[in-house]
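The next block holds one structure in the form of structure tokens; read it before the comments.
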Amino acid sequence: MSKNKRDVPEQDRLGHDPLEWLDAPDEQGGDEPAETQASVVADADSGDEVGPSPPDELTNEAPQAELSNDDAGAQMAQPSLPPTLTVPVIEAVHRDWQAYLSHHNGDLKVDMREVTSIDSSGFQWLVALQKWIDEQGSTCRVFGVQGALREQLRMLGGEPWLACVEEADG
Amino acid sequence: MRIIGCVNQKGGVGKTTVCVNLAAAFRAKGLRVLAIDLDPQAHLSQSLGIFDPPTLSLDSALQGDCTLSEACIEVENGLQLVAAGQHLFRLESVQMKKGRGLRLKSLLQPLSGEFDIVMIDCPPSNGFLVVNGIAASTELLVPVTADYLGLSGLSAMLKQLQRYERVLGRFERKWVVINRYQSRKICRQARTRLQHYLGERLLPLVVQERAVLAECPGHGQSVFGYAPKSQSCDVFRRLAKTMLQVQEEADEQEQARCA
């Protein structure tokens, strides 16, 4: 419904009041739980949301815009793969694994048990991963491929590539 | 050490203008003041004459390459500044993990005996930088414009700050200051509404929209350096006095309670 300035009383130039919730009895700003950006302020050691007082221990983790070489990375867990290794997610997967691999030495096992679908971008990522590990002088084993995913990989990579996977499964 | 974060998710409300001129006002009163430019746009840095990013700056400190002390630059009238740095924008997209929001707070701890007041100019966003700015602050100052969108932005900001307080605990003070005020009906009505909802949290003086406040950043000065006899300079002088008086009264009450 449109309003003309002439129809708006002089004393109501502001219109809708976005602050009226401040007059509510408990002055709550919304139903959104505290697990928002604020919760990532919590102490890394606490595991859960911090209580009313600020944490005593502070992390000295220095964030890096690019890959980090800090000591904490040496103990980084292998990232898990999402259910779909496809175009929308592959960039994030690549970023996570790149960070992990910067501290990883030796052979690599890629757990595909949770992956149910893959497209050409996901397959290219797997091939690039294997190639990179190979260049480091180590081996990359892909295991847990099952069902329809095995057929997708056959279509994408052909039998020679799939032989590596089947070998790992065996 | 009072750490005052100048924050509002809404852009264009004048956070930098308020931050730089209040920092200069506190400095003019003889306090030891540090200004931190947390905005990748580096407007606070430019407003204090740092037009080219220095070698050591806030991005270096946040990434662990130097301390905040090493990144300090003396600017106008003895005011200290930690400039934004040319790579600060990359940190805005840093993935938030637990604990990363306390980085700036931990960097500020060693400086607690060196400064009386730290002013942090936060960017108009919600990522790594703003989380650090808010978490490092003991008090927050929210500049707001006196119009509908300004009030709407303030509403969103206050709700966000409530969420922060559930995790961090209450801030010592949350100030709101009306900035870019003009002699219009809507501004007067917005001010009345803010007085109703905020009471003492609303600073009593408004900062009027003035050409001199728009001009002085281009000359790398606060209004105290550029136009010390201007009405705007006087407003910031009085705002700083109000903010200091409230602290003094709180300190006196605390002393009386302990006695």
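The values are calculated or read from the model by the stated rules, or taken from the named source; none is laboratory data. From a predicted model like this one, the values you see are computed outputs, not experimental measurements. All Cβ positions, glycine included, derive from the backbone under ideal geometry; neighbour counts span all protein chains shown.
General remarks:
- Residue within segment B:111-127 that is free of Cβ contacts under 8 Å to residues at least 60 places away in the same chain, in a helix (DSSP H, G or I) and more than 8 Å from chain A (Cβ to nearest Cβ) present: no
- Residue count, segment B:196-221 (criterion: more than 17 Å from B:Val235 (Cβ to Cβ) and either in contact with a strand residue (DSSP E or B) (Cβ under 9 Å, 6 or more places away or on another chain) or hydrophobic (A, V, I, L, M, F, W, C) (or both)): 2
- Filter result (touching a strand residue (DSSP E or B) at 6+ places or on another chain (Cβ under 7 Å), in a loop (DSSP other than H, G, I, E, B) and either more than 16 Å from B:Gln247 (Cβ to Cβ) or not aliphatic (A, V, I, L, M) (or both)) within segment B:10-40: B:Val13, B:Gly14, B:Leu38, B:Asp39
So that you can scan it fast, the table gives a plain yes or no per residue for (1) in a helix (DSSP H, G or I); (2) farther than 22 Å from A:Tyr100 by Cα; (3) modelled with pLDDT under 75; (4) over 26 Å from the mean Cα position of the chain (by Cα):
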residue: A:Trp125; (1), (2), (3), (4): yes, no, no, no
residue: A:Lys131; (1), (2), (3), (4): yes, no, no, no
residue: A:Arg150; (1), (2), (3), (4): yes, yes, no, no
residue: A:Pro160; (1), (2), (3), (4): yes, yes, yes, yes
residue: A:Cys164; (1), (2), (3), (4): yes, yes, yes, yes
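- Test: residue in segment B:74-91 that is surrounded by fewer than 24 Cβ atoms within 10 Å (Cβ to Cβ), basic (Lys, Arg), at pLDDT below 95 and more than 18 Å from the chain's Cα centre (by Cα): yes
- Scanning segment B:159-202 for residues that are of a type in the set (Ser, Thr, Tyr) and not in a helix (DSSP H, G or I), we see that the one that is surrounded by the fewest Cβ atoms within 10 Å (Cβ to Cβ) is B:Ser183.
- Candidates B:Gln86, B:Gln109: the one that is under 15 Å from B:Ile36 (Cβ atoms) and among the polar types (S, T, N, Q) is B:Gln109.
- Considering segment B:135-155, the residues that are at the interface with another protein chain (Cβ under 8 Å from one of its Cβ atoms) and among the hydrophobic types (A, V, I, L, M, F, W, C) include one that is surrounded by the fewest Cβ atoms within 10 Å (Cβ to Cβ), namely B:Leu151.
- Subset tally (residues that are over 16 Å from B:Tyr181 (Cα atoms) and in a helix (DSSP H, G or I)) for segment B:210-237: 10
- Segment B:52-66: number of residues that are under 21 Å from the mean Cα position of the chain (by Cα) and under 19 Å from B:Glu114 (Cα atoms): 3
- Applying a threshold of 8 Å to beta carbon distances and a minimum spacing of six or more residues, or different chains, the list of pairs starting in segment B:131-145 at a residue that is closer than 19 Å to B:Gln247 by Cα and ending at one that is of a type in the set (Phe, Trp, Tyr) reads B:Ser137/B:Phe171; B:Thr138/B:Phe171; B:Glu139/B:Phe171; B:Glu139/B:Trp175; B:Leu140/B:Phe171; B:Leu140/B:Trp175; B:Leu141/B:Trp175; B:Val142/B:Trp175.
- Taken over segment B:92-104, residues that are surrounded by 21 or more Cβ atoms within 10 Å (Cβ to Cβ) and either in contact (Cβ under 8 Å) with a residue 12 or more places away in the chain or more than 7 Å from chain A (Cβ to nearest Cβ) (or both) amount to 5.
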